[in-house]
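Read the structure below first, then the notes.
The values are calculated or read from the model by the stated rules, or taken from the named source; none is laboratory data. Note that the structure is predicted; figures quoted are calculated from it, not measured. Cβ placement follows ideal geometry from the backbone for every residue including glycine, while neighbour counts extend to all protein chains displayed.
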Amino acid sequence: MKKVLSIILSICMILPFNIKAEEIDLAPNAGSAILIEFETGEIIFEKNAHEKLHPASMTKIMSMLIIIEHIDKGLISWDDVVTASENASSMGGSQILLETNEKMTVRDLFKGIAVASGNDAVVAMAEYVAGTEEAFVNMMNEKVKELGLKDTNFKNVHGLDDANHYSSAYDMAFMARELIKHKSVLEYTSIYEDYLRKGTDKEFWLVNTNKLVRFYDGADGLKTGYTSEAGYCLTATANKNDMRLIAVAMNEPDSKTRNAEVTSMLDYGFAQYSTEKVLSTDSILDKITIDKAKNEYVEIVPTENITFLNKKTASPKNASYEIKLNELKAPIKKGDIVGKLILKLDDNIEKEVSITVKEDVEKCNIFELFVRYLCDILGGDI
C-alpha cells in the first residue's frame, strides 16, 4: 500500500491570469506571437500561437539544442576541432565565411551560430555531430516529438525556405525554454560583438543579429530569422528581478517592427507579472523512515523548483501541498523517484511534482539490522 503523508502547508500566492489575444494585442503586426514565463512555462500572451509558419533561422534554436546536449553528455567537447566540408562552406545566406577544409573549434562554430547565425557554421556542426545534415535533421525532429510539440517539421538545420519546413510561435518558445535550461548557451547568445580568427588575415567580426541583447535591459538571447517566405522573426529572452520571459514573434513586416513588438511583449510581462518560488530542490518536505535503511530518518525533497507566476493585481489565493510516497526499501539513490507532491489551489490540483531523497540511502547489513532490533527491544518499541 502506498503511504500518504498528511502534510499540508498553507501558502499565500496569487492565481495566474491568462490574457487572451482578443483582450490585448501586444504584437498587432505579427503573423503569430507568444509570451511565456520560463520557470512555469505558463503562457502570458498568445496570438495565432499554433499557426504553422516558416521559422527561418530560428530553426537554429533546435540545432543549438542538439549540439549542446551532445556537449553536456560528453559526446563532443567545446575544444574539438571540426573540419568544414565543401557542403558546409558552400552555404548561402548568413555565414562566417568558412572555407572548405578549414578547421575551427566547436566553441567558435557555436559562437558563429549563436551570434552571427552562420548557416555554414551550423551545417559544419551538424555534419560533425551526426555525420550528415540529414541525420542531424532526424535528431531535430525526434527531439520535437520528445518535447511533445505538434506544429513543427524540420527539413534542414539552418532555416532556409522549404515548403515542408515549418514551426509555430508556441513550439519555438518551448524549444527556446528547453535550450536555455543549458545555461552555458546564454554565454554565447548574449554576446553582442566578437571576432573569429582574431589576429589573422581572415579575421571575422561577429555582430549579434539580435539587437535586443544590446538595447534591452536583461536580454541575453536568443535567435532572429528572416527569409522572404518567413518574414522577420525573433525569439528573445530576458531576465529581470529573478524572472525570465521568452517572447516569440513570427512573420513581422520588418526588423524594426519585429524588435518593437517583442520589446512590448517583454515590457508587459515584466510590468504585470512576478514569480514566487514556493519550494526549491533543496526544500526538505519531510523526514521519513525507509525499510532497511542505514539512516533512521531520510529527508525527501522535490525533483524540481516549484514556482508560481503571479499577476500583480490579482487576489491572493490559498495554496497547499500533499505528499504521497511509494512503498520504499533501501538502497535508494538521489534522483530516484520515491513519490509525488500534489500541489493544490483552493483544493483543486494545480500540478504534481516527483519527490526524491536528498542523499543516497544505503542498505543496512545484517549486523546493523540485528543491533537495531536489539535497541528496539531494549527501548520497548517491540
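Looking at (1) surrounded by fewer than 17 Cβ atoms within 10 Å (Cβ to Cβ); (2) under 20 Å from the mean Cα position of the chain (by Cα), which one does D254 not meet, given that it meets all the others?
Failing condition for D254: (2).
Can you tell me which of (1) touching a residue at least 40 places away in the same chain (Cβ under 8 Å); (2) within 19 Å of L97 (Cβ to Cβ); (3) not in a loop (DSSP other than H, G, I, E, B) is the one Y195 doesn't meet?
(1)
Out of the residues in the stretch 337-352 meeting the condition of being crowded, with 16+ Cβ neighbours inside 10 Å and modelled with pLDDT of 90 or more, tell me which one is nearest to S280 (Cα to Cα). Don't jump to the end; show me each part of the working.
Of the stretch 337-352, the ones crowded, with 16+ Cβ neighbours inside 10 Å are 338-343, 345, 350.
Of the ones still in play, those that are also modelled with pLDDT of 90 or more are 338-342.
Details: V338: 17, G339: 16, K340: 14, L341: 12, I342: 15 Å.
It comes out as L341.
Please enumerate the residues belonging to the stretch 216-240 that are in contact with a His (Cβ under 7 Å, 6 or more places away or on another chain) and of a type in the set (S, T, Y).
Within the stretch 216-240, T227 is the sole residue that qualifies.
Of the residues E178, E203, E187, which single one is out of contact with any Gly (no Cβ under 8 Å at 6 or more places or on another chain) and more than 26 Å from G41 (Cα to Cα)? Break it down into steps so the answer makes sense when it comes.
Values: E178 fails: more than 26 Å from G41 (Cα to Cα); E187 fails: more than 26 Å from G41 (Cα to Cα).
Within the list E178, E203, E187, the selection yields E203.
Within the stretch 76-96, restricting attention to residues that are part of a loop (DSSP other than H, G, I, E, B) and among the hydrophobic types (A, V, I, L, M, F, W, C), which residue is modelled with the lowest pLDDT?
M91
Considering the stretch 279-314 alone, what residues qualify as being among the aliphatic types (A, V, I, L, M) and either under 20 Å from the mean Cα position of the chain (by Cα) or surrounded by fewer than 16 Cβ atoms within 10 Å (Cβ to Cβ) (or both)? Spell out how you get there, then give the answer.
So in the stretch 279-314, the residues among the aliphatic types (A, V, I, L, M) come out as 279, 284-285, 288, 290, 293, 298, 300-301, 306, 309, 314.
Of everything in the stretch 279-314, those that are among the aliphatic types (A, V, I, L, M) and either under 20 Å from the mean Cα position of the chain (by Cα) or surrounded by fewer than 16 Cβ atoms within 10 Å (Cβ to Cβ) (or both) turn out to be L279, I284, I306, L309, A314.
Give the residues of the stretch 92-104 that are more than 19 Å from E193 (Cβ to Cβ) and surrounded by fewer than 21 Cβ atoms within 10 Å (Cβ to Cβ), sorted by residue number.
Going through the stretch 92-104, the residues more than 19 Å from E193 (Cβ to Cβ) turn out to be 92-93, 98-103.
Within the stretch 92-104, G92, G93, E99, T100, N101, E102, K103 qualify.
Using the structure shown, decide if E46 is of a type outside the set (V, I, T) and surrounded by fewer than 16 Cβ atoms within 10 Å (Cβ to Cβ).
The answer is no for E46.
Criterion first (in contact (Cβ under 8 Å) with a residue 24 or more places away in the chain, closer than 21 Å to T227 by Cβ, buried (at least 23 other Cβ atoms within 10 Å of the Cβ) and of a type in the set (S, T, Y)) does T209 satisfy it? Let's see the steps before the verdict.
Numbers: in contact (Cβ under 8 Å) with a residue 24 or more places away in the chain: yes; closer than 21 Å to T227 by Cβ: yes; buried (at least 23 other Cβ atoms within 10 Å of the Cβ): no; of a type in the set (S, T, Y): yes.
Spelling it out, it is not the case that T209 is in contact (Cβ under 8 Å) with a residue 24 or more places away in the chain, closer than 21 Å to T227 by Cβ, buried (at least 23 other Cβ atoms within 10 Å of the Cβ) and of a type in the set (S, T, Y).
Can you tell me which of (1) in contact with a helix residue (DSSP H, G or I) (Cβ under 9 Å, 6 or more places away or on another chain); (2) at pLDDT 95 or above; (3) not aromatic (F, W, Y) is the one N241 doesn't meet?
Unmet for N241, out of (1) in contact with a helix residue (DSSP H, G or I) (Cβ under 9 Å, 6 or more places away or on another chain); (2) at pLDDT 95 or above; (3) not aromatic (F, W, Y): (2).
Out of the residues in the stretch 175-192 that are outside any helix (DSSP H, G or I) and among the hydroxyl-bearing types (S, T, Y), state the one that is farthest from the chain's Cα centre (by Cα).
Filtering the stretch 175-192 for residues outside any helix (DSSP H, G or I) gives 180-183, 190-192.
Then drop every residue that is not among the hydroxyl-bearing types (S, T, Y), which leaves 190, 192.
Numbers: S190: 16, Y192: 22 Å.
Out of the qualifying residues, it is Y192.
What are the residues in the stretch 225-269 that are on the phi > 0 side of the Ramachandran plot and either in contact with a Cys (Cβ under 9 Å, 6 or more places away or on another chain) or in contact (Cβ under 8 Å) with a residue 40 or more places away in the chain (or both), if any?
Of all residues in the stretch 225-269, those on the phi > 0 side of the Ramachandran plot come to 231, 241-242, 251.
Selection gives G231, N251.
In the stretch 144-163, which residues are in contact with a helix residue (DSSP H, G or I) (Cβ under 6 Å, 6 or more places away or on another chain) and charged (D, E, K, R)?
Matches in the stretch 144-163: D151 only.
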